[in-house]
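Rule-based calculations on the coordinates, nothing more; no lab input. No experiment lies behind these values; they were computed from the predicted model shown. Here the Cβ positions follow ideal geometry from the backbone for every residue, glycine too, while neighbour counts run over all protein chains shown.
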Amino acid sequence: MHTFYTVTIRYFLLMFLMLLITGIWMLLLHNSLSIESLTDYYVKKSLYGILDVLTPHLFAMGTVIFILTHLLSLKNKNSAFESKVTLLLFLVMLISNFSLFFITELTSWMIWVKLISTILFLLLSFLTMWRVLFRHY
């Protein structure tokens, strides 16, 4: 049973890593990394367009967080640090997604909130993946 857990967890982490890489790749395909192109991309969207972008991201990112945090606490109880990281991971995901509603031509600085929270989401995800990978089951 021990090897089954290890294989399953490593397979999930590999799939999650591929998901993050393709997500970054798709972002770069849609627009360059300039602030103007990112702002224009979101400003041009209607409310329906924003919801069209937001809904699958909330579902996918929420599912990833759910699985990562459960894998983290599968065998051992989470430490206080791990609990804070998982809570911060969830909050950063919400900020990253709901900041789309506030990106307008007048509040173009909100794109920085979106970018910083997305980068923090990636970093915290990698940290959580690392903690899961080196946990003994």
- request: Might you check whether a residue that is touching a Phe, Trp or Tyr at 6+ places or on another chain (Cβ under 9 Å), closer than 30 Å to V7 by Cα and either of a type in the set (K, R) or loosely packed, with under 14 Cβ neighbours inside 10 Å (or both) occurs anywhere in the stretch 85-93?
  value: no
query: Looking at the stretch 122-134, is at least one residue in contact with an Asp or Glu (Cβ under 7 Å, 6 or more places away or on another chain) and closer than 30 Å to T3 by Cα?
result: yes
query: Within the stretch 29-47, can you find the residues that are outside any helix (DSSP H, G or I) and of a type outside the set (A, V, I, L, M)?
result: N31, S32, S34, K44, K45, S46
statement: Result of the Cβ filter at 6 Å on the stretch 97-110, keeping first residues that are under 15 Å from I35 (Cβ atoms) and partners that are in a loop (DSSP other than H, G, I, E, B) and of a type outside the set (S, T, Y), at least 6 apart or interchain, is M110/I103
- request: Those residues that are over 16 Å from K45 (Cα atoms), among the β-branched types (V, I, T) and surrounded by 14 or more Cβ atoms within 10 Å (Cβ to Cβ), I need them from the stretch 99-124; list them, please.
  value: V113, I116, T118
